[in-house]
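Novice: Dropping the structure in here first, questions after.
All of the numbers you see were taken from the coordinates with simple rules; none came from a lab. What you see is a predicted model, and the numbers here were worked out from it, not measured in a lab. Every residue, glycine as well, gets a Cβ built from its backbone with ideal geometry; the counts of neighbours run over all protein chains shown.
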Amino acid sequence: MSEVRNTPARQWRRFVVLAIITLAINLPVILMVLNSFQTTEQLTTARHLIPEHPTFANFVYLSGRTKFWTYLINSLIVSGGATIVSVVAAALAGYALSRYKGRLLTGYARALFVVQMFPIILALIPLFILFRKADLINSPISVIIVYSVVQLPFATWMARSFFDTIPRELEEAALVDGCSPFGTFLRIVLPLSGSGIAAISIFSFLFSYNEFFVANIFLRDDDAMTLPVGITMFMQQYSTDWGSLMAAATVTLIPTFILFLGVQKYVAYGAVSGGVKG
């Protein structure tokens, strides 16, 4: 059977096909970015996809006449806090479920399934009463707590699956060299599970960054709103400021884009296989 040669012509055809597929998938995002450089009047009368007279009026309006940057900072605080809490808790719990056995851990693992199946909407009223008595309404702490609890079951099972792929021989070798069990987790297991931690971080951040319903209930003041809640201010009962809405959505994409650029090098397998060679 002859071997298929990877000729330059074949590579170019493959590149063109992949480019077309990528363009088709990201077409809504591209159109959103292009429309952010048009006012609402231009959008309603435009006949071309590419703006004929691009303008930064929408972005100037966001900075000067709205609290968009306040919403953005609130979203980053909430998302960052929930991500840190979720990653730390999921890493510790996932490692315990992966390496240790016992009735307590078995019961905890089963409880995670129960919590994951429980719809958070049923607990919002009791939580609202509890947070109001604790003076946590309009505080990012209340939303961070809810997001962390909602994300923890899935994040824990995700962390456990990554820890299961790490050979225990590496930890045993570290223990023989005098490293403590917790030191082994920090110095050996955690660095080798970089791809898993990155995946959990992306999942936690995107969920917290894009969530609307919980934030809309617990963050009532204008200065406490996150981006998903604040952006709805551009949509009124009888009209919608499409230009500002497109500009706000475009800027909202930037933090997630930066996050993916920062963690993409960790979202790759092979670290463990490289650690056991030689």
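Novice: In the chain, with Lys and Arg counted as +1 and Asp and Glu as -1 at Cβ, which of these residues, Tyr108, Ala123, Ser79, has the Cα nearest the positive end of the dipole, that is, farthest along it?
Specialist: Tyr108
Novice: Let me ask something additional. Helix 68-99: angle to the longest alpha-carbon principal axis of the chain, degrees 0 to 90, nearest 10?
Specialist: 20 degrees
Novice: Which three lengths, in whole Å and largest first, does the range 1-159 cover when its Cα atoms are put on their principal axes?
Specialist: 67, 62, 24
Novice: Which chymotrypsin sites (Phe, Trp or Tyr not before Pro) from the range 100-130 combine a DSSP loop assignment with at most 16 other Cβ atoms within 10 Å?
Specialist: Tyr100
Novice: Relative to the first principal axis of the alpha-carbon coordinates of the chain, what is the inclination of helix 242-263, with its axis defined by its Cα atoms, in degrees from 0 to 90 and to the nearest 10?
Specialist: 20 degrees
Novice: Can you figure out the FRET efficiency of His53 with Ile137, using R₀ = 51 Å and their beta-carbon distance, to the nearest 0.05?
Specialist: Once rounded, the FRET efficiency stands at 0.70.
Novice: May I ask you to evaluate 6.51 cos²θ - 1.76 cosθ + 1.60, the Karplus curve with θ = phi - 60°, for each residue of the range 35-48 and list the ³J(HN,Hα) values in order in whole Hz, giving x for glycine and proline?
Specialist: Along the range 35-48, the couplings run 5, 5, 9, 10, 6, 4, 5, 5, 5, 6, 10, 5, 10, 10 Hz.
Novice: If you split all Cα-Cα distances of the range 138-224 into 10 Å bins from zero, what percentages do you get per bin, shortest first?
Specialist: P(r) over the range 138-224, rounded to whole percents: 15, 34, 24, 17, 8, 2.
Novice: With a point put 7 Å past each Cα toward its Cβ, work out how far Val16 is from Arg103 in nm, to one decimal.
Specialist: Label at Val16, label at Arg103, 6.9 nm between them.
Novice: For the chain, what does -39500 (n - 2.57) per DSSP helix run (n ≥ 4), summed and divided by total residues, give at 222 nm, in deg cm²/dmol to the nearest 500?
Specialist: Here the helix-only value at 222 nm equals -22000 deg cm²/dmol.
Novice: Turning to a different aspect of this structure: Specify, per residue and in Å³, the volume enclosed by the convex hull of the alpha carbon atoms belonging to the range 126-183.
Specialist: 112 Å³
Novice: Starting at the first residue of the range 195-202, write each ³J(HN,Hα) from the Karplus equation 6.51 cos²θ - 1.76 cosθ + 1.60 with θ = phi - 60°, in whole Hz, x for Gly and Pro.
Specialist: 5, x, 5, 5, 5, 5, 5, 4
Novice: Can you tell me which of 150-156, 227-233 comes out highest on packing, and rank the rest after it, using the mean Cβ neighbours within 10 Å?
Specialist: 150-156, 227-233
Novice: Using the Kirkwood radius over C-alpha pairs as Rh, can you work out the diffusion coefficient of the chain via Stokes-Einstein at 4 °C, viscosity 1.567 mPa s, in µm² per second?
Specialist: 58 µm²/s
Novice: Further question: To the nearest 10 degrees, how steeply does helix 8-25 sit against the main Cα axis of the chain, on a 0 to 90 scale?
Specialist: Rounded to the nearest ten degrees, it is 70.
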